[in-house]
Each structure stands twice: as structure tokens, then as C-alpha cells.
Amino acid sequence: MRRPPFHFLVTVLLVLSACVAQPATVSSPPDSAAADSAAAAVSPVENLHDSCVELYDPAIDYFPQKLSVAYASGFDVEYHNNYKVVTVTNPWQGAQESFRYVLLQCGTPAPQDVEGEVIEVPVSNIIAMSTTYLPTLEDLGLIDRLIGLDSYMWTTNPAVRARIESGEIAEIGGGAAVNVELTLDLDPALVMTYGTGFSDFDTHPVLLEAGIPVALNGDFVEQSPLGRAEWMKFIAMFFNREADAAAQFDIVATEYNAVAELTATLTQRPSVLIGSVYNGTWYVSGGGSYMAKLLADAGAAYLWSGEGDVGALPLDFESVYAVAADADFWLNPDNSFWFTVDNVLESDPRYGDFAPLKQGQLFNNNARVNENGGNAYYEEGAAHPEKVLKDLVKILHPHLLPDHELRFYQQVQ
């Protein structure tokens, strides 16, 4: 779930994985009868989605459908005949450790002397500890494999909510207080979660200690929109769905790049302010951040594009006002409950001095929220940055996408 304010999202909320299973031992050399059976094994033409190997042959490549990583910097994969080694190199911002998973084709022997937690694939089910994994499960046709969430509150996905209502998805809680007993009862093939480096917020140490298979997903650390979206491939590898993920990501990347090309040569770029005050501090995205990249591709002149790096810049109200009082647009105020100008002014009357509010150019990314404040922008937008980019271009340069209807954003009136 990613519903807290932006700075909290950047510093704590975010996603990682680690997994556990006991490595199998390699069986002794086969006798002649077993060798004859192995000789009858047939090389698969596609990855096994729903079954295990029945006649194992060490010479066969059981992953004919492989993928490569083009944009994401936080994970990589090496393929072998009957297993793949997936390494999460950047599980959270500033992490000093990496996590390695040996994804073993079920029905085959585990490799010897290969470091990493062994998880048999394809996994039969999954517990998702962040809503950002749900769009990928839907895109790959795997929502029926979802058996648990950290919380029911935050998802806006209709298919997931229907499964919650029918009792097919359990709620296990999160952080160090995760319900280990319930999780053990569910007997998940995989729990996918995130890490922050803070024990109060991290679930994976508790689950690993209980012997539950866990994988850390570091999608939120990526500062490239397409890099973040490419983590759909990471999820897909646990289901042997490489081909489906590659095809889906190609659609996302092609659409994103096509929209970015529309703004690439623009000379008139409207100035943009983002964020709002939280507990006395106004957090704006650094110039090397995910949001700064999105705004640049949308044809914006982001007012802090040359400052800071990937994190949030903590500023006081006066400092922001000095730079952005006359901004052309105000986007992503990081308050899901701002729907009207009155809502904004009730938070702080000083907001009324900003030109974008006066001129009706404040757009909030809360067009699709549920009753608890769960927001589709955070749930769906990470996997589909092309949809976010289209919204931003429609707001900033409406003539470039005249037929597009806003999906995540709406004007604060």
C-alpha cells in the first residue's frame, strides 16, 4: 500500500523481496532404466506455466522463453537449463545488501554450490504486500493466483475487490506485526513484499524466520518511469511468464516513448509546482527523481529540475512561495482529499496566494480513489507510466492529445 504523503512514500513506503525454500539435493546418477526414460524427455517450446517436469533431462533448456532487462537497474537475471538466478541489487534506497533467488523449475534437481534462496517455479499462488504488484498480476491473467494482501483497504482494482468480497483473499497485516500464523495457514508459494531497512516497517525478516518463501521487490527505488514499470518482468519470472511480460512491457514502453516524442521538441514549457505542506514542511521531488523525469517527458519546466537528486527536498512554505508563487500549474499536491478549492484553503489559507490555484490550474491525481483513500494513481501508475504521461500531456499541452480523457487526474475546482 502506498497511501501516505509523498515524502513518507519516498523514504519508507516502498517495496522489496527475499525468499526462502530449502534447496533440494541432486539425486544420484540414474540407472539404465531411468536413463532410458530421460532420453524420452522432450524439450519444451515455451516455459511451463502450470506444471512440473516429469522426465528430467539435464541437457534440456526448460526456459526457452527468456527475457532481458533494458530500463530497470535494480534487478538482473541469469538463465540456466533448469533454474534462473534473479538478483535484486537495489532493494531499497541506500541498501548495503542484495538478495539472490534461485528460481528452480519444479520437477528438477536444485543446483549445488549456487548461492541464493531456492523457490520452485512456477509458483501456484502469491500474497502481495503492495498494491503496485496487482496491475501486473491482472495484465498477466494471474489475479486468480492472489490469495492474500497486507490490507484490504488500499486496492482500487475491481477484480481484486471482488475476490476480497467472495472471501478468496486473506488479510495478513504488514510490517513486523504481520500475522505469521495466518500466513502459515495460507501456505503461500510466494510472498512478494518490499523492504525499507527499518525493522518496524519490514515484513520479510519475520516471514523468513518462520520459513515462508519471500521475495523482495524494489520497483519503487527506480527513478526511470519505464525502469519502474519493467519490474513486471521480475514478478513474471516467478510464474514462468517471461513471454507474456515481455510483450506487455513492449506495449507500455512503445506507448510511453511515443507520447514523450510529442513533447521532445517543444520550446514552450509551462512551469510546474508539486507537493504541499506536511507537518510544517513542503516536500518537492529532487531533480533526478521519478517525478522529475515524468514531468520532463510531459513537456514541463519543473521548477526544481536542477536541484537535489533522487529524493525529496524538504523546504519551508516561504522558500516554495518564493520560487513557485507564479507557476503555471500545480500538480500532485500529495493530498488525496483535496477535491475543491475550499478543501485546499481549509488546509492552509496561504495556498490562496499561489497563481495556479487562482487560475484553476491545480490538478490532483485523485480521480480514482476508494472510500479509504486508496488511490489508483499509486496502484496502477507505476506499472503503466504511459497512462500517467498521457494525463500530464493532456493537462500541460492539451492540443497534443485532443481525444485523451484524464484517468488519474482531475481539476481542483
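The values are calculated or read from the model by the stated rules, or taken from the named source; none is laboratory data. Computed from a predicted model, the values in this text were never measured in an experiment. All Cβ positions, glycine included, derive from the backbone under ideal geometry; neighbour counts span all protein chains shown. We work out accessible area using only protein heavy atoms, side chains counted, and drop any ligands, DNA or RNA first. Shrake-Rupley method; radii C 1.70, N 1.55, O 1.52, S 1.80 Å.
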For this session: Name the residue farthest towards the positive end of the dipole of the chain from the options 162, 372, 75, assuming +1 on Cβ of Lys and Arg, -1 on Cβ of Asp and Glu, about the Cα centre.
Result: 372
Exercise. When the dipole is taken about the Cα centre of the stretch 150-223, and only Lys, Arg (+1) and Asp, Glu (-1) are charged at their Cβ, what size is it in debye, to the nearest 20?
Worked result: 160
Problem set entry | Given charges at beta-carbon only (K, R positive; D, E negative), |dipole| of the chain in Debye | 940
Problem set entry | Electrostatic dipole magnitude of the stretch 79-223 [Cβ: Lys, Arg +1; Asp, Glu -1; Cα centre; debye, to 20] | 280
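Pulled fully out, how much extra length does the chain show between residue 50 and residue 201, if you take 0.36 nm times their separation in residues and subtract their Cα-Cα distance? Let's see the in-between values first.
Working: separation 151, 0.36 × 151 = 54.36 nm, distance 3.36 nm.
Extending this stretch completely gives an extra 51.0 nm.
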Exercise. Using r as the Cβ-Cβ distance of residue 399 and residue 66, and R0 as 60 Å, what FRET efficiency do you calculate, to the nearest 0.05?
Worked result: 0.90
Exercise. Put +1 on the Cβ of every Lys and Arg and -1 on every Asp and Glu Cβ in the chain; which of 95, 264, 223 then has its Cα farthest towards the positive end of the dipole?
Worked result: 264
Seminar exercise, completed: The set of residues whose placed amide H lies less than 5 Å from the amide H of residue 215, leaving out same-chain residues fewer than 5 positions away, is 18, 191, 192, 193
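Rounded to the nearest 5, what is the percent of antiparallel bridges among the DSSP beta bridges in the chain? Mind dumping the intermediate values first?
Numbers: 20 of 42 bridges.
In the chain, DSSP labels about 50 percent of beta bridges as antiparallel.
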Exercise. Once amide H atoms are built 1.01 Å from N in the peptide plane, which residues 5 or more positions from residue 362, or in another chain, come under 5 Å H to H?
Worked result: 330, 412
For this session: Using a/c under 1.5 as the rounded threshold, could you call the stretch 246-366 rounded, prolate or oblate? The axes a ≥ b ≥ c are square roots of the C-alpha gyration tensor eigenvalues, and prolate needs a/b larger than b/c, oblate otherwise.
Result: prolate
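For the chain, rounded, prolate or oblate, judged on the Cα gyration tensor with a ≥ b ≥ c (square roots of eigenvalues), a/c < 1.5 rounded, else prolate if a/b > b/c? Could the numbers behind the result be given before it?
Details: a/c = 2.36, a/b = 1.95, b/c = 1.21.
Judged from the Cα gyration tensor, the chain comes out prolate (a/c at least 1.5, a/b above b/c).
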Seminar exercise, completed: Note, the stretch 278-292: 3J(HN,Hα) by Karplus (6.51, -1.76, 1.60, θ = phi - 60°), whole Hz, Gly/Pro = x, goes 9, 6, x, 10, 9, 9, 10, 6, x, x, x, 7, 4, 5, 4
Exercise. So what are the ³J(HN,Hα) numbers for the stretch 90-101, from phi and the Karplus equation (6.51, -1.76, 1.60; θ = phi - 60°), rounded to whole Hz, Gly and Pro as x?
Worked result: 9, x, 7, 4, x, 5, 9, 9, 10, 10, 10, 10
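Going by a ≥ b ≥ c, the root eigenvalues of the Cα gyration tensor, does the stretch 189-245 fall in the rounded group (a/c under 1.5), the prolate group (a/b larger than b/c) or the oblate group? It would help to have the intermediate numbers written out before the result.
Details: a/c = 5.28, a/b = 1.34, b/c = 3.94.
The shape class here is oblate.
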Exercise. How many percent of the accessible area of the chain is carbon or sulfur, using a 1.4 Å probe?
Worked result: 50
For this session: Counting only C-alpha contacts under 8 Å and six or more residues apart, can you give the relative contact order of the stretch 357-413 as a whole percent?
Result: 48
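What ranking, highest mean first, results for peptides 295-305, 93-103 when packing means the other Cβ atoms within 10 Å averaged over each residue? Let's see the in-between values first.
Values: 295-305: 22.4, 93-103: 17.6.
Packing proxy ranking, top to bottom: 295-305, 93-103.
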Problem set entry | Potential lengthening between residue 279 and residue 359 on full extension [0.36 nm per residue; Cα-Cα distance subtracted] | 26.2 nm
Exercise. In straight Cα distance, which lysines are under 22 Å from residue 84, not counting same-chain residues fewer than 8 positions off?
Worked result: 66, 233
Problem set entry | Placed amide H near residue 315: partners under 5 Å, 5+ positions off or other chain | 282, 283, 284
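Taking 0.36 nm per residue of separation and subtracting the Cα-Cα distance, what length does fully extending residue 264 through residue 325 add? Don't jump to the answer; show the numbers that get you there.
On the way: separation 61, 0.36 × 61 = 21.96 nm, distance 2.65 nm.
Separation in residues times 0.36 nm, less the Cα-Cα distance, equals 19.3 nm.
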Problem set entry | Charge dipole (the chain, unit charges on Cβ, about Cα centre) - positive-most of 303, 130, 248 | 303
For this session: Evaluate the distance, in nm, between pseudo-label points positioned 7 Å from the Cα of residue 152 and of residue 209 along their respective Cα→Cβ axes.
Result: 2.9
Exercise. So what's the back-of-envelope 222 nm ellipticity for the chain, counting only DSSP H runs of four-plus at -39500 (n - 2.57) apiece and dividing by all residues, rounded to 500?
Worked result: -7500 deg cm²/dmol
Exercise. Per-residue HN-Hα couplings for the stretch 365-370, Karplus 6.51 cos²θ - 1.76 cosθ + 1.60 at θ = phi - 60°, whole Hz, x for Gly and Pro?
Worked result: 8, 10, 6, 10, 10, 9
Exercise. Excluding same-chain residues fewer than 8 positions from residue 394, which lysines have a Cα within less than 25 Å of its Cα?
Worked result: 293, 358
